[in-house]
Amino acid sequence: MNPFKYEKAASLSGAITAVQRPGGVYLGGGTNLIDLWKYGITHPDKMVDLNGLNELKSITELPDGGVRLGALVSNNTTAYHPLILERYPLLSRTILAGATAQIRNSATNGGNLLQRTRCYYFYDPDSPCNKRNPGSGCPAINGHNRLHAILGHSDSCIATFPSDMCVALAALEARVRVSGPDGERTIEFTDFHRLPGDKPELDNNLGQHELITAIDLPANGFADNYSYLKLRDRNSYAFALVSVATGLSIQDGLIREARIALGGVAHIPWRLTAAEAELRGKEPTEANFATAADIILAGASGFEHNSFKIELARRAIIRNGMMALDPASQRPGAQPSL
Amino acid sequence: MIKGISEAGVHEVNLVVNDEHRQLHLPPWVTLLDALRNHLGLTGTKKGCDHGQCGACTVICDDERILSCLTLATMKDGSNITTIEGIGSEDELHPLQSAFIEHDAFQCGYCTPGQICSGVAMLAAGRGDTREEIQDLMSGNLCRCGANTNIIDAIIAVKNQSK
Ligand SMILES: Cc1cc2nc3c(=O)[nH]c(=O)nc-3n(C[C@H](O)[C@H](O)[C@H](O)COP(=O)(O)OP(=O)(O)OC[C@H]3O[C@@H](n4cnc5c(N)ncnc54)[C@H](O)[C@@H]3O)c2cc1C
Ligand code: SF4
Ligand code: FES
Ligand code: FES
């Protein structure tokens, strides 16, 4: 644990100026950053605390019918917000499936997008790891890899991105608003996180010192037919082995639009529009969801301890598609078990 | 870690802890948990894992339960903190404390301060409509003695009292 400096930012521009130094990092809820600092995985020189930036702490309606989530709003405040419960229940459901009430009270929406992998080797400073120490190797490939990826992995890294909330954000086609030394920009959610390739040290496409200010949700929240299924080793307070977020628009018994995103299977929340297109105009049946599942998982490949995830994901996609027809089963606490 | 202090600076941190104003001067890396235990002598809040995994360090900050081990004390400058020392008294226990005794909701007691703070904040927020949901919302507080079933019973008893 290294000593570090601390500054509470009083303005957005002040935060961006304060962080521009080697080892400068933003501090949201701290639930990941402080943990990684304690383990000696990250060595911040200065933490710039964003929690005083009131302009990033609200949830507001947008003129296009969507909703803007401030980056510094807590995960719990977001999940229980009336607008989110009513119009984006899938998002609420994914947030409440993650971590614990205490952690969700501190964790911020911006920080959730930037949490690091839970790969055991990444968390062990004495072990090699290409993500933590580029070029040192990836012991997970031939080691313990139960939590690891079955899609989009590379020879350098097979880690998964652990967020639940981001699985819904991928399905909902959210956009991430960022601000940095070079100004503001908006990043499509599917372009935000990146596959490991030969640069696993980079989890996402955020520029250096760029700050997430908000997450914009489009108008369609799939509030009538949605479901989140999180499969894990115990029923609460554990990361997903496989999770699926499904949103359906159904008209006259046929699927008009489908969204399917997977968590726990790749370095990014996994979404394949080709599979969703296949469902358009079809009936929401097990057979049709199975076809979509096969398309999504066509390129999947596992390792010694995680190959079971391929079949698990397939069944989860089918089961969750059927669960989306009955969203009443999605009440928090009404978790289906493995 | 003393070496780093002069360089990193000492921050003035003002907290209202259990209704009492407390001022501290701390280097930024002191967690809220260590500030409470080591600097304020409030050792009721427990350090279990120090990594966000057990809930023993749960305190109530501005009406919300948080983990004091993953929070820097400086982050909470200006906040209201309630620890187990601020919940009930020996003469007048909080209803949840009485319910813990009645329902045999602890053995060694190490997780209990965190369980009580967590339960009190959950009840105050009006969350937890079913037993299942209460179990889910209390899953951030582990009990190595396995008193969980009785802990949930105690919480439900208090919930029913206030109906
Ligand atoms: C025991 C435990 C269990 C958990 N279980 C789950 C789970 O089941 N599912 C799940 O999804 N998550 C889980 N989590 C992770 C939790 O959701 C994240 O730690 C949390 O969302 C991170 O948010 P934060 O605000 O605390 O981020 P911080 O810890 O403050 O920051 C994380 C990273 O983001 C950067 N950052 C923060 N805010 C911004 C911003 N606005 N702009 C730019 N950079 C920023 C920081 O510099 C840091 O690099 C768990 C965590 C713990 C400790
Ligand atoms: S899977 Fe990625 S994070 Fe895990 S050890 Fe390999 S390189 Fe590191
Ligand atoms: S000591 Fe904070 S969660 Fe374990
Ligand atoms: S009573 Fe011993 S850990 Fe809970």
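Only helices (runs of 4 or more DSSP H) wholly contained in region B:69-163 count here; list those with 2 or more residues that are within 14 Å of chain A (Cβ to nearest Cβ) and under 19 Å from residue B:35 (Cα atoms).
B:112-124
I'd like to verify a number: residues in region A:4-29 that are crowded, with 19+ Cβ neighbours inside 10 Å and more than 18 Å from residue A:206 (Cβ to Cβ), how many?
Summing the residues that are crowded, with 19+ Cβ neighbours inside 10 Å and more than 18 Å from residue A:206 (Cβ to Cβ) in region A:4-29 gives 5.
Just to be sure before I move on: is residue A:235 at pLDDT 95 or above, open to solvent by 30 Å² or more (accessible area, probe 1.4 Å) and out of contact with any strand residue (DSSP E or B) (no Cβ under 7 Å at 6 or more places or on another chain) in the structure I sent?
So residue A:235 does not fit the description; no.
Does residue A:196 satisfy being modelled with pLDDT of 95 or more and surrounded by fewer than 24 Cβ atoms within 10 Å (Cβ to Cβ)?
No.
Suppose we filter A:179, A:136, A:156 for residues that are open to solvent by less than 50 Å² (accessible area, probe 1.4 Å), in the same structural domain as residue A:107 (by TED's automatic domain parsing) and modelled with pLDDT of 95 or more; which single one remains?
Details: A:136 fails: in the same structural domain as residue A:107 (by TED's automatic domain parsing); A:156 fails: in the same structural domain as residue A:107 (by TED's automatic domain parsing).
Sole residue among the options that is open to solvent by less than 50 Å² (accessible area, probe 1.4 Å), in the same structural domain as residue A:107 (by TED's automatic domain parsing) and modelled with pLDDT of 95 or more: A:179.
Yes/no matrix, rows are residues, columns are (1) over 14 Å from the mean Cα position of the chain (by Cα); (2) more than 21 Å from residue B:26 (Cβ to Cβ):
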| residue | (1), (2) |
| --- | --- |
| B:48 | no, yes |
| B:55 | no, yes |
| B:64 | no, yes |
| B:78 | yes, no |
| B:110 | no, yes |
| B:133 | yes, yes |
| B:147 | yes, yes |
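Is it true that residue A:241 is in contact with a helix residue (DSSP H, G or I) (Cβ under 9 Å, 6 or more places away or on another chain), hydrophobic (A, V, I, L, M, F, W, C) and within 16 Å of ligand 2 (Cβ to nearest atom)?
yes
Conditions: (1) in contact (Cβ under 8 Å) with a residue 24 or more places away in the chain; (2) within 14 Å of another protein chain (Cβ to nearest Cβ); (3) not in a strand (DSSP E or B). Residue A:230 meets all but one. Number of the miss?
(3)
Based on what the data block shows, is residue B:73 in contact (Cβ under 8 Å) with a residue 60 or more places away in the chain and buried (at least 22 other Cβ atoms within 10 Å of the Cβ)? Steps first, answer last, please.
On the way: in contact (Cβ under 8 Å) with a residue 60 or more places away in the chain: yes; buried (at least 22 other Cβ atoms within 10 Å of the Cβ): yes.
Here the answer is yes, as residue B:73 does meet what is asked.
Just checking, does region B:27-42 include any residue being at pLDDT 95 or above, open to solvent by 70 Å² or more (accessible area, probe 1.4 Å) and away from ligand 1 (no atom under 16 Å from the Cβ)? Can you show your working first?
So the first thing to find is which residues in region B:27-42 are at pLDDT 95 or above, and the list is B:27-42.
Okay, now just the ones that are also open to solvent by 70 Å² or more (accessible area, probe 1.4 Å), so B:38-39.
Among the residues that remain, those that are also away from ligand 1 (no atom under 16 Å from the Cβ) are: B:38-39.
The answer is yes, given that some residue of region B:27-42 is at pLDDT 95 or above, open to solvent by 70 Å² or more (accessible area, probe 1.4 Å) and away from ligand 1 (no atom under 16 Å from the Cβ).
If I ask for residues that are more than 8 Å from every other protein chain (Cβ to nearest Cβ), β-branched (Val, Ile, Thr) and part of a helix (DSSP H, G or I), which ones from region A:17-47 would you list?
Across region A:17-47, the qualifying residues are A:17, A:19.
When residues of region A:259-281 are filtered for being buried (at least 23 other Cβ atoms within 10 Å of the Cβ) and over 20 Å from the mean Cα position of the chain (by Cα), how many remain?
Of the residues in region A:259-281, 1 are buried (at least 23 other Cβ atoms within 10 Å of the Cβ) and over 20 Å from the mean Cα position of the chain (by Cα).
Kindly list the number of the only condition in (1) within 11 Å of ligand 3 (Cβ to nearest atom); (2) surrounded by 24 or more Cβ atoms within 10 Å (Cβ to Cβ); (3) part of a helix (DSSP H, G or I) that fails for residue B:59.
(3)
Go through region A:87-119 residue by residue and tally those that are within 11 Å of ligand 1 (Cβ to nearest atom) and either facing another protein chain (nearest Cβ under 9 Å) or not polar (S, T, N, Q) (or both).
Residues that pass the stated criteria total 18.
The values are calculated or read from the model by the stated rules, or taken from the named source; none is laboratory data. Since the structure is predicted, the reported quantities are computational estimates derived from the model, not experimental observations. Here the Cβ is made from the backbone with ideal geometry for all residues, glycine too, and neighbour counts use every protein chain on show. Protein only, heavy atoms only, side chains kept; ligands, DNA and RNA dropped before computing areas. Shrake-Rupley method; radii C 1.70, N 1.55, O 1.52, S 1.80 Å.
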